[in-house]
């Protein structure tokens, strides 16, 4: 079950998977997919993680697109773990992405991991205005009605830590959607400095639950 | 026989020291390829190990490493260096002895590599590091002997498996290398001998007189359940005043803390008493150790952290609080009270509850009968082998055939097959994934037949992750406003705290204030009962030997050896129902408090009884009996639910239980925890270092994610195989369930009763009740979220 958030006059569905669905505009937003992460680590001589995260993340996205029938998709940056990651991705995964993009208005917002254009279709932008919202990778403390990613926020409830959305009157920060992603506890000063006192943390998982943001 | 250098023999004579027979034997066996010395504490075991080396080095030895000494404890290496220095300097021998551990300075370690001492004292982890350097063959050139101290303790863990792999490596570098193992009393000397080397001479020193051991008699009988032993505090204090120095052992750190706190309140004479366990800060522990050595303490409340290590000179009494769970460990603990060789050690057992009275009696019988327990550990774990292969690659290219031959000379890996070895090699080289799509998945490459690191820079990372000790993710605890460090708690425990919660650490009650920069900040709150008291709850299961002996005791017609309160309790059980016996599985079923209860007297040890609880309630759920929860002890599992069990046989068929295990095991938290350890040891993921975690934005993510991913996309992966193996013989302990079912055969005896039985009654007081999984956790989260929102005025 999603959590319905009323934000700047619009109803947004915060989904169990960590995606954001904006039904009125048939739009789905996801952040920090980090596709190709295991490939990047292996290439750099690090550990050899199981090479399945791209497949797992795309399966998740496929399900959400099917379920929401979204016509517009916004990837909020760090979609690829680095600019070379796309070359390392298997052909089947590349075709899969192409298939998901087919017939949809698709925007890749640049992130710090993927700071330039990627050799895939869709629109590439630093940020996207879709009234009343601005979508960008890293939150701008001066902005309002903003939806961003980057921080991978997480919070604990009943002894379990889960990726979460953070929301206050000005901004919404999305959790990381990619399967191989860690998180930053909402207590961290980077997040407490950004969010208002009365901010909420909305935890992902089979039941999406809102709590006061743990500080 | 190798003779001592005259100067050393003279020095011994001047001191009036005569060598013990086993010390002379060690000199006589100096040329044997491997010798295992089994001797009690206080018998000059360590000196016995070093005598052949001192004799061979003589007064003016040539430079170069002669002997490597490996101990499980860093503290022990420093202590041995001092102790060995006395005779060496006293006799004017020009022998250089140095230690090398994680605490040794960088410059010192560098110098040791360039110019090694004659005798190097180290730990398995530091040795692993040393062997991973490219210049290892040069450092270890000409080494004559390796001495493994406390080998009985090392042989029980992966540290020992890693160590014998390293010694196999050393042996390849120096075919003439001789090995010495020094051990406390063990149940199976030949097995330990095979662990040390393929051909080992066993020397058993005179074990000394039998210990003087009994059960502590108290005015108040022990309570029906619980593990604290706090009822016995007056009697224990009385014993402390009557002895010079007393060690008071507890089975868990939490119990030690609770006991120490209450002991302190009752200590009206202000006897100097300290506390020592593995969760205290190093400063705290060292302070207690120094006070102990200086003879300034009358008692120390401790845990397994004092099982090994320096002989505290004046300990004349050991008190074991709570059932010992394992006879071998009890005997080794008793040995700590051995202030004079050939004087009997004195020990008292304090059962923490009524059931433990029987277990303590069983343990006393076993000690008197000289029987020790021990379950064989099974073949060497393959995650350790993976790490060994990576470490070998760091030191230089290797040939797979040669490495395989070398590995199989190590006792735990003697039965390793070539395909098993090759699977480990493939894992270290490519990750070993079913999906072989990328040429970039290469850590090791094969060139001209030899395997080597694809990128030599990877060596630094591999070295950082060497070792098989996996620290739980601990957070430091300190007093608020940069106060004194008190110790550490597990991250999971810290996460369960909310500001205002109180808990015990270092003998004080503290109040949780906040979590800041990976440190738990607390303040002192005098005189309140701690709200949360449990942390780091390592729980040992009662050994099969003890469980069997308890069942034997139950068969006696009467119990003259047991305290009257316990004998009466057992008689009453015999009248009302019956006592469990070795040849059947007794089940009791009765209604109580509106719920139907079932007690399973499996006597399979805590972990297996817990697994049994999970599997049987799963099965009951399927039969529509609506189980609601269960609780497990070392002896029995109690379940409760809405409907009674009437046909128990299907619940306990081995096949059903195995199927349940199959479907339940993979999603279980125990598996994920086991996977994490295996993934770190085998080199799939890196250890998290405090520094790295502090950096804020986490590059690392939970190993649970990797576990779930592998399970879904690569279910036959090597690491999942290893994880299964480890979990089955570790926390899940299915082998004990199998052994129990084999013991009872088809005799499953269900007794239907009207009410709770005397033997079942204590189970109702057991604290760690486990709700049967279902919607429970979800509902808990929902109601908590609601409460939080309401409290914040947001609902």
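Might you let me know whether region B:383-394 holds any residue that is modelled with pLDDT under 95, out of contact with any strand residue (DSSP E or B) (no Cβ under 6 Å at 6 or more places or on another chain) and within 21 Å of residue B:155 (Cβ to Cβ)? Within region B:383-394 (the criterion being modelled with pLDDT under 95, out of contact with any strand residue (DSSP E or B) (no Cβ under 6 Å at 6 or more places or on another chain) and within 21 Å of residue B:155 (Cβ to Cβ)), the answer is no, since none of the residues qualifies. Restricting region B:193-210 to residues that are in contact with a strand residue (DSSP E or B) (Cβ under 6 Å, 6 or more places away or on another chain) and not in a loop (DSSP other than H, G, I, E, B) leaves a set whose member that is modelled with the lowest pLDDT is B:204. Taken over region A:145-183, the criterion of being surrounded by fewer than 19 Cβ atoms within 10 Å (Cβ to Cβ), within 9 Å of chain B (Cβ to nearest Cβ) and assigned to a loop (DSSP other than H, G, I, E, B) is satisfied by A:158, A:159, A:182. Applying the criterion of being more than 17 Å from residue A:124 (Cα to Cα) and touching a strand residue (DSSP E or B) at 6+ places or on another chain (Cβ under 8 Å) to the residues of region A:79-97, the residue that is modelled with the lowest pLDDT is A:89.
Screening residue B:694 against (1) modelled with pLDDT under 90; (2) crowded, with 18+ Cβ neighbours inside 10 Å leaves a single unmet condition, (2). Report whether or not residue B:687 is assigned to a loop (DSSP other than H, G, I, E, B), over 29 Å from the mean Cα position of the chain (by Cα), at pLDDT below 90 and within 14 Å of chain A (Cβ to nearest Cβ). No: the conditions fail for residue B:687. Do we find a residue being in a loop (DSSP other than H, G, I, E, B) and loosely packed, with under 14 Cβ neighbours inside 10 Å anywhere in region B:627-641? No; the residues of region B:627-641 include none that is in a loop (DSSP other than H, G, I, E, B) and loosely packed, with under 14 Cβ neighbours inside 10 Å. The condition of being surrounded by 19 or more Cβ atoms within 10 Å (Cβ to Cβ), touching a strand residue (DSSP E or B) at 6+ places or on another chain (Cβ under 9 Å) and more than 26 Å from residue A:9 (Cα to Cα) holds for only one of A:61, A:76, A:100, that being A:61.
Regarding region A:105-126, can at least one residue be identified that is closer than 19 Å to residue A:59 by Cβ, in a loop (DSSP other than H, G, I, E, B) and in contact with a strand residue (DSSP E or B) (Cβ under 8 Å, 6 or more places away or on another chain)?
Looking only at region A:105-126, we keep the residues that are closer than 19 Å to residue A:59 by Cβ, and these are A:106, A:120.
Filter again for in a loop (DSSP other than H, G, I, E, B), leaving A:120.
Those left that are additionally in contact with a strand residue (DSSP E or B) (Cβ under 8 Å, 6 or more places away or on another chain): A:120.
Looking through region A:105-126, at least one residue is closer than 19 Å to residue A:59 by Cβ, in a loop (DSSP other than H, G, I, E, B) and in contact with a strand residue (DSSP E or B) (Cβ under 8 Å, 6 or more places away or on another chain).
Could you list, in sequence order, the residues of region B:421-440 that are in contact with a helix residue (DSSP H, G or I) (Cβ under 9 Å, 6 or more places away or on another chain) and more than 8 Å from every other protein chain (Cβ to nearest Cβ)? Answer for region B:421-440, where residues must be in contact with a helix residue (DSSP H, G or I) (Cβ under 9 Å, 6 or more places away or on another chain) and more than 8 Å from every other protein chain (Cβ to nearest Cβ): B:421, B:422, B:423, B:424, B:425, B:426, B:427, B:428, B:429, B:432, B:434, B:436.
Evaluated against (1) outside any helix (DSSP H, G or I); (2) modelled with pLDDT under 90; (3) in contact with a strand residue (DSSP E or B) (Cβ under 6 Å, 6 or more places away or on another chain), residue B:600 falls short on exactly one condition, (2). For region B:712-745, residues that are buried (at least 17 other Cβ atoms within 10 Å of the Cβ) and within 14 Å of chain A (Cβ to nearest Cβ) total 7. Taken together, the residues in region A:40-54 that are more than 7 Å from every other protein chain (Cβ to nearest Cβ) and assigned to a helix (DSSP H, G or I) amount to 3.
Are any residues in region B:564-592 in contact with a helix residue (DSSP H, G or I) (Cβ under 8 Å, 6 or more places away or on another chain) and surrounded by 19 or more Cβ atoms within 10 Å (Cβ to Cβ), and if so, which ones? Across region B:564-592, the qualifying residues are B:566, B:569, B:570, B:580, B:585.
Can you find a residue in region B:33-44 that is part of a helix (DSSP H, G or I) and closer than 19 Å to residue B:153 by Cα?
no
Looking across region B:730-752, the residues that are under 28 Å from the mean Cα position of the chain (by Cα) and not in a loop (DSSP other than H, G, I, E, B) come down to B:734, B:735, B:736, B:737, B:738, B:739, B:740, B:741, B:742, B:743. Checked against (1) modelled with pLDDT of 85 or more; (2) more than 14 Å from chain A (Cβ to nearest Cβ); (3) surrounded by fewer than 16 Cβ atoms within 10 Å (Cβ to Cβ), residue B:467 meets all criteria but (3).
Restricting to region B:60-117, give me the number of residues that are surrounded by 13 or more Cβ atoms within 10 Å (Cβ to Cβ), in a loop (DSSP other than H, G, I, E, B) and without any contact (Cβ under 8 Å) to a residue 24 or more places away in the chain. The total comes to 2. You will find that of B:504, B:515, the residue that is crowded, with 21+ Cβ neighbours inside 10 Å, modelled with pLDDT under 85 and part of a strand (DSSP E or B) is B:504 and no other.
Here residue B:238 meets each of (1) surrounded by 14 or more Cβ atoms within 10 Å (Cβ to Cβ); (2) not assigned by TED's automatic domain parsing to the domain that holds residue B:178 with one exception, condition (1). Restricting B:520, B:532 to those that are within 14 Å of chain A (Cβ to nearest Cβ), within 27 Å of the chain's Cα centre (by Cα), at pLDDT below 95 and assigned to a loop (DSSP other than H, G, I, E, B) reduces the list to B:532. Residue-level analysis places residue A:33 outside the set of residues that are crowded, with 18+ Cβ neighbours inside 10 Å, in a helix (DSSP H, G or I) and either touching a strand residue (DSSP E or B) at 6+ places or on another chain (Cβ under 8 Å) or free of Cβ contacts under 8 Å to residues at least 40 places away in the same chain (or both). For region A:134-144, the set of residues classified as in a strand (DSSP E or B) and either in contact with a helix residue (DSSP H, G or I) (Cβ under 9 Å, 6 or more places away or on another chain) or buried (at least 24 other Cβ atoms within 10 Å of the Cβ) (or both) consists of A:135 only.
The values are calculated or read from the model by the stated rules, or taken from the named source; none is laboratory data. Bear in mind the structure is a predicted one, so any value in this text is a computation, not a measurement. Note that we place each Cβ from the backbone using ideal geometry, even for glycine, and neighbour counts take in every protein chain shown.
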